[in-house]
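Read-outs throughout are calculated quantities, based only on the coordinates presented, and are distinct from any laboratory measurement. The model shown is predicted, which means the values in this text are computed figures rather than measured ones. All Cβ positions, even for glycine, are placed from backbone atoms using ideal geometry, and neighbour counts span all protein chains on display.
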There are 2 protein chains.
Amino acid sequence: MQQPDHLQYLGMRDDIAARIAAGELKPGERLPSERQLQAGGGVSRGTIREALFQLEGEGVIYRKDRSGWYVSPPPVVYDPTRWEGFMSYVEAQGRRPLTETLSKVEIACDGMLAQIFSRPVGAPMYWIRRRRSIDGRAVLIESIVVDASLAPGLIEHDLDGSLTSVLKTVYGIDVARNKVDMRPCALIREEAEALRVKSGLPGLNLERTCYNAQGRVVEFDREYWRHDALKVSVDIRVR
Amino acid sequence: MQQPDHLQYLGMRDDIAARIAAGELKPGERLPSERQLQAGGGVSRGTIREALFQLEGEGVIYRKDRSGWYVSPPPVVYDPTRWEGFMSYVEAQGRRPLTETLSKVEIACDGMLAQIFSRPVGAPMYWIRRRRSIDGRAVLIESIVVDASLAPGLIEHDLDGSLTSVLKTVYGIDVARNKVDMRPCALIREEAEALRVKSGLPGLNLERTCYNAQGRVVEFDREYWRHDALKVSVDIRVR
DNA sequence: ATGGGATTTTGGTATAGACCAGATGAAATG
DNA sequence: CATTTCATCTGGTCTATACCAAAATCCCAT
């Protein structure tokens, strides 16, 4: 669309990116404030901010509202085909995972869920909303729906750990097939709010439908990830 | 991060989104110019633009440089596990695909490629760069590397169609396994330039390593998609 | 040390204006 | 009719300023 040459904000972006790449600023560290960055060259704050937005889009830095801009930590690698919980694979990568259950309620199956689960409208379902963090930074919001007839009493358990292991050890539920849909999205409204990011931050929307060996839908999961927090890796045999 | 209530740009975003949802503006149509939108309410152009950026992030609208803002067409569904070419599945979804070969050259295997292909440094490789469009809009840029010893003379062929079918019909190459990495990214520099989008537009970076039945790497593919052009759908058996 | 309240700093939102370069379309030209 | 030329419209960049709300910090009283 344009040549990087004469555009000030692209120049500043490259300057800051170079300082980070050189290790002058390390992951988790705060950048100088916008007004300080501005002081250096005779440039307006809007231009500085445009440069910061570029780096944010590239996942190099992120912001904490009204606190400052920080250097991003590396993303975690996530394989949606592996039925290991978030807790295990984040820990396996040397990071500190945290899960918070925002809500867990029993609901009646509506039209959309009826179709997904092949269950009658009105059938009991559990609806769980969780927020998950890595090294203290909220990285994803998920909405999980589980067929209550397969896991009665599920929401009485502590779900701040691995839902996977609860389903397996308590209810003997094994997942045999996964259908995963992925779509780049923008984090807005509830998702942005819960992740405490500015509306419009790029994200990844991940929907997973889990089937047991009999082909029955056990769980439907909708996740919203910050764009800079993950890398998806799938290893598959071609059909 | 904030309540949508009192923020002007979120209000305007919702207004415009509602007009699109109501069918007042249809996919492909141009929105009124920023200065026209501004004329309506006593609001500055910067605020209008912030509202448009939100909608762009959500994939509702897109821009053509210095031409205007347009309503986005629906995304195409893409299954990286299916070894059908872009041309076929885009057409199957009732859209008009186009492939342009930007360059095709023979190169010597460098360190990174040597590792990926398990071939000696200096081994001959073909490097192909293509741009692909849907209904006249460029949606992805790809860089393909193919082991030249498996497909000698490949770049003499016309590659504006399906590379898949050339590999299969001319060289008898079948792909048995795919390793796919996906990562939200920002489209910048060459990618932004080639897709004619503003630097920093959200995108999806997709890397695919293709193995034949003997486990040898046949092809390495790096794709950069516009964020609003696709939805990835994978159906997998859990390991 | 600890807690609490005031102050400062930070990014977030919004305004108004200016100029530019590419896209567009109409008018002039062959 | 096709082509070129030119004025206009469009989004893209940049400046300068103002005010707000939340976060961070400091300082004082306990």
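Using the Karplus curve 6.51 cos²θ - 1.76 cosθ + 1.60 with θ = phi - 60°, work out ³J(HN,Hα) for each residue of the range B:213-225 in order, rounded to whole Hz, and write x for Gly and Pro.
So the J values, rounded to whole Hz, are 4, 7, x, 8, 6, 9, 8, 10, 10, 10, 10, 10, 9.
If amide hydrogens are placed 1.01 Å from N in the peptide plane, which non-local residues have theirs closer than 5 Å to the one on residue A:78?
A:231, A:232, A:233
Enter the Cα centre distance for the pair the range A:61-119 and the range B:1-63, rounded to the nearest angstrom.
Cα centres, the range A:61-119 to the range B:1-63: 30 Å.
One decimal, nm, shortest first: give the distances between the label point of residue B:15 and those of the same position in the other copies, each label point 7 Å from Cα along Cα→Cβ.
With the label placed 7 Å along Cα→Cβ, residue B:15 yields 3.8 nm.
Just to verify a number: FRET efficiency for residue B:123 and residue B:158, C-beta to C-beta distance, R0 = 25 Å, to 0.05?
Rounded to the nearest 0.05, the efficiency is 0.50.
In bins 5 Å wide, starting from 0, what share of all Cα pairs of the range B:121-239 does each bin hold, as a percent?
Final binned percentages: 2, 10, 19, 20, 19, 15, 11, 4, 0.
Enumerate by residue number the trypsin sites (Lys or Arg not before Pro) in the range B:111-205 meeting two conditions: DSSP loop (anything except H, G, I, E, B), and at most 16 other Cβ atoms within 10 Å of the site's Cβ.
In loop regions of the range B:111-205 (DSSP not H, G, I, E or B), the sparsely surrounded trypsin sites (Lys or Arg not before Pro) are B:196, B:198.
What is the projected area of the convex hull of the Cα atoms of the protein assembly as shown, averaged over all directions, in nm²?
25.0
Report the label-to-label distance for residue B:149 and residue B:7 in nanometres (one decimal), using points 7 Å from each Cα along the Cα→Cβ vector.
The modelled label-to-label distance comes out at 5.6 nm.
With an 8 Å cut-off on Cα pairs and a minimum separation of 6 or more residues, tell me the relative contact order of chain A in percent.
That works out to 17 percent.
If amide H atoms are built 1.01 Å from N in the plane of the peptide, which residues on other chains or at least 5 residues away come under 5 Å of the amide H of residue A:177?
So residue A:177 has HN proximity to A:211, B:238.
I need the fraction of alpha carbon pairs in the range A:191-237 separated by more than 15 Å, rounded to a whole percent.
Roughly 60 percent, once rounded to a whole number.
First measure r as the distance between the Cβ atoms of residue B:34 and residue A:66, then evaluate 1/(1 + (r/R0)^6) with R0 = 30 Å and state the FRET efficiency to the nearest 0.05.
Computed FRET efficiency for residue B:34 and residue A:66 comes out at 0.60.
Could you give, in nm with one decimal, how far residue A:65 is from each other copy of that position, shortest first, with labels 7 Å out from Cα toward Cβ?
3.5
If all Cα-Cα distances of the range B:26-83 are sorted into 10 Å bins from 0 onward, what percent lands in each bin, rounded to whole numbers?
Each 10 Å bin holds this share of Cα pairs: 21, 44, 21, 9, 4, 0.
Using the structure shown, select from A:64/A:198; A:231/B:104; B:64/B:231; A:104/B:231 the pairs with a Cα to Cα distance greater than 20 angstrom.
Over 20 Å apart, Cα to Cα: A:231/B:104; B:64/B:231; A:104/B:231.
Give me the number: length gained by fully extending residue A:93 to residue A:106, i.e. 0.36 nm times residue separation minus the C-alpha to C-alpha distance, one decimal in nm.
Result: 1.3 nm gained on full extension.
Can you give me the angle between helix A:8-21 and the longest principal axis of chain A, using Cα atoms only, in degrees from 0 to 90, rounded to the nearest 10?
Once rounded, one gets 70 degrees.
Treat the count of other C-beta atoms within 10 Å as a stand-in for reagent exposure and order A:127, A:225, A:69 from fewest to most.
A:127, A:69, A:225
Using the basic label-point model (7 angstrom from Cα toward the beta carbon), what is the residue B:235 to residue A:135 distance in nanometres?
Taking the two extended label points, one gets 3.9 nm.
Near the axis that takes chain A to chain B, which A residue has its beta carbon closest, and at how many Å?
In residue-and-Å form, the answer is A:202, 2.
Give me the distance in nm between label points sitting 7 Å out from Cα along the Cα-to-Cβ direction at residue A:114 and residue A:169, one decimal.
3.7
Between 0 and 90 degrees, rounded to the nearest ten: what's the tilt of helix B:45-57 against the longest Cα principal axis of chain B?
40
Using every pair of alpha-carbon atoms in the range A:57-207, split the distances into 5 Å bins beginning at 0 and state the percent of pairs per bin, rounded to integers.
2, 8, 15, 20, 21, 16, 9, 6, 3, 1
For the range A:10-144, what does the equivalent ellipsoid look like in terms of its semi-axes, each the square root of 5 times an eigenvalue of the Cα gyration tensor, given largest first in whole Å?
In descending order, the three semi-axes are 41, 18, 13 Å.
Between copies, how close do the residue A:136 label points come, placed 7 Å along Cα→Cβ, listed in nm from shortest?
5.3
Give the cross-link partners of residue A:26 among the aspartates and glutamates, using a straight C-alpha distance below 17 Å as the criterion and excluding same-chain residues fewer than 8 apart.
A:14, A:15, A:56, A:58, A:135, A:228
Let me know the volume per residue of the alpha-carbon convex hull for the range A:96-150, in Å³.
Per-residue hull volume (Cα only) is 78 Å³.
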